[in-house]
Amino acid sequence: MEGRRLYPIGIQTFSKLREGNYVYVDKTELVYRMTHGASGYIFLSRPRRFGKSLLTSTLHSYFEGRKELFEGLAIECLEKEWTSYPVLHFDMSTAKHMDKDRLLSELERKLYGYEQIYGRDESAIYTNQRLESLIQRAYAQTGQKVVVLIDEYDAPLTVCMNNPELFDFVRKKLSRLYASFKNYEGVIRFLFLTGISKFNKTSIFSELNTLTDISLSPRYGSLLGYTHEEVVEYFKNYLDRSAKALGIESDQLLDKLVSQYDGFCFEETVSKKVFAPWSLLSFFAEPERGFKNYWFESGGRPYALLEYLKSHGDTIA
């Protein structure tokens with residue numbers, strides 16, 4: 001499967017990955033299943049650097065009907081129509097570490113880009129009103145239901161948990177914004193939210209109570225991350241090269257990789273584990289460095305976890 005394909009580390013855009021002939025672990029059968037299920041409003045929680053942005057980008061390309069990007073993948077045989085829908089795609093990771101004014105400005109900037117395509121209702125003043133107007137206009141102008149993708153929905157919240165006033169402001173603003181989707185089920189084809197956490201007690205999910213949370217669903221436990229079988233299938237050459245670099249057999253290397261990076265399970269009833277993508281890809285990039293804690297080293301301090309520990313009186317070194 002791998003052949004001469006390029007190494008995919010750090011790539012979060014599906015079109016770039018496919019057009020650049022990078023290694024892509026095919027998850028599109030699960031993508032098709034998710035987008036054709038009983039619920040059209042989906043929430044998925046995963047740790048950082050686990051492929052949420054790449055999955056969201058994959059959905060973007062799929063709903064735009066870019067069939068050429070999916071040639072040779074499982075979904076090519078499953079999808080018969082390849083309809084092009086209007087897609088509103090918002091990356092909320094750019095709206096963190098901001099005060100009130102900068103947050104509002106960033107949200108307005110995100111809406112402005114799509115208003116250049118579909119126009120703006122000047123009577124829509126607030127961000128939630130402008131978003132509702134966008135959904136209506138996109139539907140009216142294209143004749144197709146609208147797809148809304150929100151990556152890292154909780155990013156603005158997790159970094160201000162130690163600032164109650166700012167946290168409450170951000171919470172209320174996002175609650176109103178996300179609540180807009182509840183009123184437009186008839187014109188929304190698919191709504192997808194990702195995040196690292198689920199703020200159950202902040203009113204965000206109570207406002208948008210039509211979301212189906214698939215974070216621990218056995219059907220989607222391997223939607224992100226690599227299974228043991230996928231590693232062997234898609235990265236065999238990298239396994240062989242890394243084993244040679246370390247002077248061990250490929251089977252021995254795989255056992256070590258399983259022990260070091262294969263400890264994530266996202267299923268309530270089934271114990272099938274997946275590899276952390278960032279850790280595995282980082283190891284393959286420089287196997288001579290050994291089995292480092294790449295996933296932990298790749299990010300800053302885990303704000304949500306640290307603030308939770310502080311609130312419970314735990315000492316943090």
Legend entry - residue 38 open to solvent by 30 Å² or more (accessible area, probe 1.4 Å) and out of contact with any helix residue (DSSP H, G or I) (no Cβ under 9 Å at 6 or more places or on another chain): yes
Inset, instruction - Sort out which residues of segment 247-266 are at pLDDT below 90 and part of a loop (DSSP other than H, G, I, E, B), and write them in order of number. - result: 262, 263
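Would you pick out the residues in segment 39-75 that are touching a residue at least 40 places away in the same chain (Cβ under 8 Å) and farther than 17 Å from residue 222 by Cα?
39, 40, 41, 57, 60, 61, 63, 66, 69, 70
Can you name every one of the helices (runs of 4 or more DSSP H) wholly within segment 1-95 that holds 3 or more residues which are under 16 Å from the mean Cα position of the chain (by Cα)? Let's see the steps before the verdict.
Working: elements: 14-19, 28-35, 52-63, 74-78.
In segment 1-95, 14-19, 28-35, 52-63 are the helices (runs of 4 or more DSSP H) which contain 3 or more residues that are under 16 Å from the mean Cα position of the chain (by Cα).
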Inset, instruction - Grab the helices (runs of 4 or more DSSP H) fully contained in segment 105-179, keeping just those with 2 or more residues being among the basic types (Lys, Arg) and surrounded by 14 or more Cβ atoms within 10 Å (Cβ to Cβ). - result: 127-142, 164-179
Inset, instruction - Kindly list the number of the only condition in (1) in contact (Cβ under 8 Å) with a residue 60 or more places away in the chain; (2) within 27 Å of residue 27 (Cβ to Cβ); (3) more than 18 Å from the chain's Cα centre (by Cα) that fails for residue 220. - result: (3)
Inset, instruction - Residue by residue through segment 50-69, note down the ones that are within 15 Å of residue 154 (Cα to Cα) and not polar (S, T, N, Q). - result: 52
Legend entry - Test set (1) open to solvent by 30 Å² or more (accessible area, probe 1.4 Å); (2) at pLDDT 90 or above; (3) assigned to a loop (DSSP other than H, G, I, E, B); (4) closer than 17 Å to residue 43 by Cα - residue 201 fails condition number: (2)
Legend entry - Odd one out for residue 189 among (1) open to solvent by 10 Å² or more (accessible area, probe 1.4 Å); (2) at pLDDT below 95; (3) more than 17 Å from the chain's Cα centre (by Cα): (2)
Inset, instruction - Identify the single condition in (1) of a type outside the set (D, E, K, R); (2) within 19 Å of residue 106 (Cβ to Cβ); (3) free of Cβ contacts under 8 Å to residues at least 40 places away in the same chain that residue 159 does not satisfy, given that it satisfies every other one. - result: (3)
Inset, instruction - Write out, first by first residue and then by second, each pair whose Cβ atoms fall under 7 Å of each other, whose residues are 6+ apart or on separate chains, and whose first residue, in segment 111-124, is on the phi > 0 side of the Ramachandran plot while the second is modelled with pLDDT of 95 or more and of a type outside the set (D, E, K, R). - result: none
Inset, instruction - Within segment 211-233, track down each residue that is in a helix (DSSP H, G or I) and open to solvent by less than 20 Å² (accessible area, probe 1.4 Å). - result: 220, 231
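The values are calculated or read from the model by the stated rules, or taken from the named source; none is laboratory data. Fair warning: this is a prediction, and the values are worked out from it, not measured in the lab. Every residue, glycine as well, gets a Cβ built from its backbone with ideal geometry; the counts of neighbours run over all protein chains shown. Areas reflect the complete protein model, heavy atoms only, side chains present, ligands, DNA and RNA absent. Shrake-Rupley method; radii C 1.70, N 1.55, O 1.52, S 1.80 Å.
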